[in-house]
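Colleague: Take a look at this one; I'll ask things after.
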Amino acid sequence: MTAAPSPRQPASPACHPECGESRVGRDAVLGKSLSLPAGWTTGTIENLFAPLADGRTLHQGWSPQCEKEPSPSEDVWGVLKTTSIQAGEFQPEHNKRLPDKLEPRPLIEVKVGDILITCAGPRARCGVACLVRRTRKRLLMSGKMYRFRVEPKRHDARYVEAFLQTEQARQAIDKMKTGGSDSGLNLTHDRFRQLLVPVAPLPEQRRIVAEIEKQFTRLEAGVAALRRVQTNLHRYRAAVLKAACEGPWERLPVSEIGEAVTGSTPSTKDAGNLGGSLPFFKPTDLNAGYYVHEAREYLSEKGAKLARLLPERAVLVTCIGATIGKTGLARVACATNQQINALIVNRKIAIPEWAYWCFVSPDGQKQIKENASATTLPILNKSRFENLELPVPPVAEQERIVAEVERRLSVVEELSALVTANLQRATRLRQSILQRAFEGRLI
């Protein structure tokens, strides 16, 4: 039965015997006081900890030099990677095999009922927490995570896990982190122990958790449906491009379709090369795809003289690294850095838009990947780029096909934007549910 919302508890110095803290939270930890319903208290998270096997209340793991492959079964010890801890979800398959020559440390073996939290790593990955609802035997914590448990007769572990997913908790934990850069931060024992938690009576904790799970189940079903739509839109887009760029047409190497140009970077030591009006495109700028017109950097007149000027509607293709094959169509005169090959199309043979869609089609992307040199970083140099082959129907037919591709894919883009907006709304709704839960307003 749904309970009526509890009345607000005014600020009071009264303490809860289980938490040892006032009913109103301390500004220094959460950044604001917590106005709680009657019967609720606020305490530091360490007051929720239950003794572990050795009498301590917080364990940190171990970081031995492990094998590259994961532990094949629960008969072989493994050490968890931090990616095993996702927000509200434990993924035990993310582990590395402990070498046979090393003795395992059973004290830090993960058990059902543990609450794990990452304590080191990039900002977005430090402070991520989950409850272990299922696991296999012989998995050890790594040194980049903590483990604690709560006393089940006083606290529901699911309630504590849910609180650690709130924006309120994440912001508080973020303020606790130390380190020189966002790529490597730490959450110390002492700081984490001071995190404030709003504590409802145990029966209410259980009702809150049940309501959160019910609402999250409905929300996740909607998110799953949106993800399926995303997948189907991606498949439809690929099918449109495959159909558009396949046909009984002559295929020509890029060298016969136009002029290939590899970009270059004017010396950045001379500040006079930058700050003008000529867009200087890099691979990240090609995220704009069919409408590349704004750059993160611009060249001055001096810098432009040191670069190769490309005309409007040059086709730009990233030629190195993890983003190889990323393609853009320049809508302005521009220059590029050396990570981009450009094609200046001979308009008597093809239109630039046709060449763009051919490069981003499944066949075009396959050619780019297959012709890249097999080094640590894949590279498609100018000569290899010039050898790629594109289908070349008559120009009039290219124009008709491009118009139909634009029509169909514009619908796909509109639907994709709608799906993305609703996924973002689902994320906000998830946080809204959690916020209401820990303000005592969900049930």
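Colleague: Under a 1.4 angstrom probe, counting protein chains only, how are I45, I379 ranked by accessible area, largest first?
Modeller: Accessible-area ranking of I45, I379, largest first: I379, I45.
Colleague: Shape verdict for region 377-437, please, from the Cα gyration tensor: rounded (a/c under 1.5), prolate (a/b greater than b/c) or oblate. It would help to have the intermediate numbers written out before the result.
Modeller: On the way: a/c = 9.44, a/b = 1.94, b/c = 4.87.
It comes out oblate by the Cα gyration axes.
Colleague: May I ask for the longest run of the chain untouched by GluC sites (Glu not before Pro) that are loop-located per DSSP and have at most 15 neighbouring C-beta atoms (other than their own) within 10 Å?
Modeller: 94-245
Colleague: Right, something else. Answer with a single label: of (1) 54, 26, 23; (2) 43, 35, 18; (3) 97, 25, 20, which was calculated as semi-axes √(5λ) of the Cα gyration tensor in Å from the structure in view?
Modeller: Given (1) 54, 26, 23; (2) 43, 35, 18; (3) 97, 25, 20, the structure-derived one carries the label (1).
Colleague: What 222 nm value per residue comes from the helices of the chain, counting each DSSP H run with n ≥ 4 as -39,500 (n - 2.57) and dividing by all residues, nearest 500 deg cm²/dmol?
Modeller: That comes out to -10500 deg cm²/dmol.
Colleague: Just the number, please: Stokes-Einstein D of region 41-110 in µm²/s, Kirkwood Rh from C-alpha pairs, 4 °C, 1.567 mPa s. Provide the component values of the computation, followed by the final result.
Modeller: Working: Rh = 14.0 Å.
D, rounded to a whole number, is 92 µm²/s.
Colleague: Leaving ligands and nucleic acids out of the surface, order K81, K214, K305 by accessible area at 1.4 Å, largest first. Let's see the in-between values first.
Modeller: Working: K81 80, K214 100, K305 170 Å².
Listed by decreasing accessible area, they come as K305, K214, K81.
Colleague: Can you work out the Karplus-derived ³J(HN,Hα) for every residue in region 275-282? Use 6.51 cos²θ - 1.76 cosθ + 1.60 with θ = phi - 60°, whole Hz, and x for glycine or proline.
Modeller: Working through the residues one at a time gives x, x, 10, 8, x, 10, 7, 10 Hz.
Colleague: Hey, another quick one. Given the C-alpha centroids of region 83-148 and region 360-421, what is the distance between them in whole angstrom?
Modeller: 42
Colleague: How would W354, W62 rank on accessible area, largest to smallest, probe 1.4 Å?
Modeller: Of W354, W62, the descending order of accessible area is W62, W354.
Colleague: Can you tell me the accessible area per residue over region 44-173, all protein chains present, probe 1.4 angstrom, in square angstrom?
Modeller: Ligands and nucleic acids excluded, the result is 46 Å² per residue.
Colleague: Using square roots of five times the C-alpha gyration tensor eigenvalues, list the equivalent-ellipsoid semi-axes of region 143-301 in whole Å, biggest first.
Modeller: Each semi-axis is √(5λ); the values are 52, 30, 13 Å.
Colleague: How much net charge surrounds E256 when only the other residues with a Cβ under 11 Å from the Cβ of E256 are counted, with Lys and Arg +1 and Asp and Glu -1?
Modeller: Once positives and negatives cancel, what remains is -3.
Colleague: Using a 1.4 Å probe on the protein chains only, how many percent of the accessible area of the chain belongs to carbon and sulfur? If you can, show how the numbers build up before the last one.
Modeller: Numbers: 11610 of 22270 Å².
Its accessible area is 52 percent carbon and sulfur atoms.
Colleague: Accessible area of R251, 1.4 Å probe, to the nearest 10 Å²?
Modeller: Counting only protein heavy atoms, R251 exposes about 100 Å² to solvent.
Colleague: Just to be sure I understand the model, the point goes 7 Å from the Cα along the line to the Cβ. What's the resulting K382 to E220 distance in nm?
Modeller: The two pseudo-label positions are separated by 5.4 nm.
Colleague: How many angstrom lie between the Cα centre of region 218-246 and the Cα centre of region 281-330?
Modeller: Each part reduced to its Cα centre gives a spacing of 28 Å.
The values are calculated or read from the model by the stated rules, or taken from the named source; none is laboratory data. Source: prediction; values computed, not measured. Here Cβ is always computed from backbone atoms with ideal geometry, including for glycine, and neighbour counts include all displayed protein chains. Note: accessible area is taken over every heavy atom of the protein model, side chains too, but ligands, DNA and RNA are not part of it. Shrake-Rupley method; radii C 1.70, N 1.55, O 1.52, S 1.80 Å.
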